[in-house]
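These notes concern the structure reproduced below.
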Amino acid sequence: MSATVRQFDHAPFQRTATARVCAVSEGAVAVDSTVFYPCGGGQPGDTGTMQTDSGRMLNVTDTVKGEHGLIWHRIDGPCPRVGEEVTLDIDWERRYRLMQMHTALHLLSVAVPYPVTGGQMTPDKGRLDFDVAGEALDKAAITAQINAWRADDLPVSTEWIDRAELEANPQLVKTVGAMPPSDSGTVRLVRIGEIDRQPCGGTHVASTGEIAPLEVKSIKNRGAHNRRITLVWQEATGGVS
Ligand SMILES: [Zn+2]
């Protein structure tokens, strides 16, 4: 069985696709090709719907990676048959928020130039943990910097490099100890204008101007060498006062 084709790597704005079921397991369906992003790199798996040939509409409650490069869609009803054609449709509002937040977290990693030790995002907020000791990090200054890059409307693009080239340029990897997965010997990089380039398998907006206004909600001290910075949408907070 061949790996699921990852359409979101090249076409993050594609919301629907038809695909063929190639494996089923309890409450989960693997297809030959998908637009649904599987949980990974701090970005949650996509949700949405899967419509079967016979017109049955199933909710996709999560998407995860499996063995042999298969991508599994967790569903809430009886599985379609292997070989059946299905139509996949992403919950786009949720995914688009995740794309905006994911790109915003890359901006945060530039605004705060210290090693990243972890990160997580939801459609409502995102956070990165930084290996930084005692530094005075300023909420308002980081918020202003990120929103200035939003206003600059910097292009966001994807490129692939050889794994050997990445190993020769270890400064590209911002997340400590996290070499990106690479089955084929090439590594996917996400570039933001001329300010950032880092390995990432996630889905991103096409330019920073697409990101809704946001702000640093908190900077928490989580140990001598760990500051956790959380971003939220300004519409949720009533804006920066
Ligand atoms: Zn990323």
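The values are calculated or read from the model by the stated rules, or taken from the named source; none is laboratory data. These numbers were taken from a predicted model, which means no experiment stands behind them. Note that we place each Cβ from the backbone using ideal geometry, even for glycine, and neighbour counts take in every protein chain shown. Accessible surface areas use protein heavy atoms only, side chains included; no ligands, DNA or RNA. Shrake-Rupley method; radii C 1.70, N 1.55, O 1.52, S 1.80 Å.
Carbon and sulfur together cover what percent of the accessible area of the stretch 5-90 at a 1.4 Å probe radius?
Carbon and sulfur together cover 49 percent of it.
Given H placed 1.01 Å from N in the peptide plane, which residues other than close sequence neighbours of T4 have an amide H under 5 Å from its amide H?
HN-HN under 5 Å from T4: L70, I71.
With θ set to phi - 60° and the Karplus curve 6.51 cos²θ - 1.76 cosθ + 1.60, what are the ³J(HN,Hα) couplings of the stretch 92-99 in order, to the nearest whole Hz, using x for Gly and Pro?
For the stretch 92-99, the Karplus-derived couplings read 6, 4, 5, 4, 5, 4, 5, 4 Hz, x marking Gly and Pro.
Given bins 5 angstrom wide, list per bin the percent of all Cα-Cα distances in the stretch 55-108, short to long.
4, 14, 18, 23, 17, 12, 7, 4, 1
Just to confirm the filter: which GluC sites (Glu not before Pro) across the stretch 76-181 are DSSP coil and have at most 15 other Cβ within 10 angstrom of their Cβ?
Here the GluC sites (Glu not before Pro) that fit, given the DSSP loop and packing criteria, are E135.
Can you spot the lysines whose alpha carbon is less than 23 Å from K220's alpha carbon? Ignore those fewer than 8 places along the same chain.
List returned: K125, K139, K174.
Each residue of the stretch 54-65 in turn: what ³J(HN,Hα) in whole Hz from Karplus with 6.51, -1.76, 1.60 and θ = phi - 60°, glycine and Pro shown as x?
These are the phi-based 3J(HN,Hα) values: 7, x, 6, 9, 10, 7, 8, 9, 5, 9, 9, 7 Hz.
How high is the relative contact order of the stretch 70-218, in percent, with contacts defined as C-alpha pairs under 8 Å that are six or more residues apart?
Once divided by the residue count of the stretch 70-218, the mean separation gives 28 percent.
Work out how much length N221 to T16 would gain on full extension: take 0.36 nm times their residue separation and subtract the Cα-Cα distance, in nm to one decimal.
This chain segment gains 69.6 nm when fully extended.
What percentage of the solvent-accessible surface of the stretch 105-172, computed with a 1.4 Å probe over protein heavy atoms, is contributed by carbon and sulfur atoms?
The C+S portion of the solvent-accessible surface of the stretch 105-172 is 51 percent.
Measure nothing but the geometry: give the 0 to 90° angle between the long axis through the Cα atoms of 139-152 and the longest principal axis through the Cα atoms of the chain, rounded to 10°.
Tilt of helix 139-152: around 60 degrees.
Let me check I've understood the local charge: for R228, count other residues with C-beta under 15 angstrom from its C-beta, Lys and Arg +1, Asp and Glu -1. What total comes out?
+4
May I ask for the percentage of alpha-carbon pairs in the stretch 5-90 that lie more than 15 Å from each other?
50 percent
Binning every alpha carbon pair distance of the chain at 10 Å from zero, what are the percents per bin?
Answer for the chain: a P(r) of 7, 30, 32, 21, 8, 1, 0 percent.
Taking only DSSP H segments of four or more residues, each worth -39500 (n - 2.57), what value at 222 nm results for the chain once the sum is divided by all its residues, to the nearest 500 deg cm²/dmol?
Value at 222 nm, helices only, nearest 500: -6000 deg cm²/dmol.
Could you work out the equivalent-ellipsoid semi-axes for the stretch 95-237, taking the square root of 5 times each eigenvalue of the Cα gyration tensor, largest first, in whole Å?
24, 19, 13
So, for the chain, what is the accessible surface per residue at a probe of 1.4 Å, expressed in square angstrom?
The answer is 47 Å² per residue.
Cβ under 14 Å from L154's Cβ, L154 left aside: what net charge do those residues give with Lys, Arg +1 and Asp, Glu -1?
Here the charged neighbours net out to -2.
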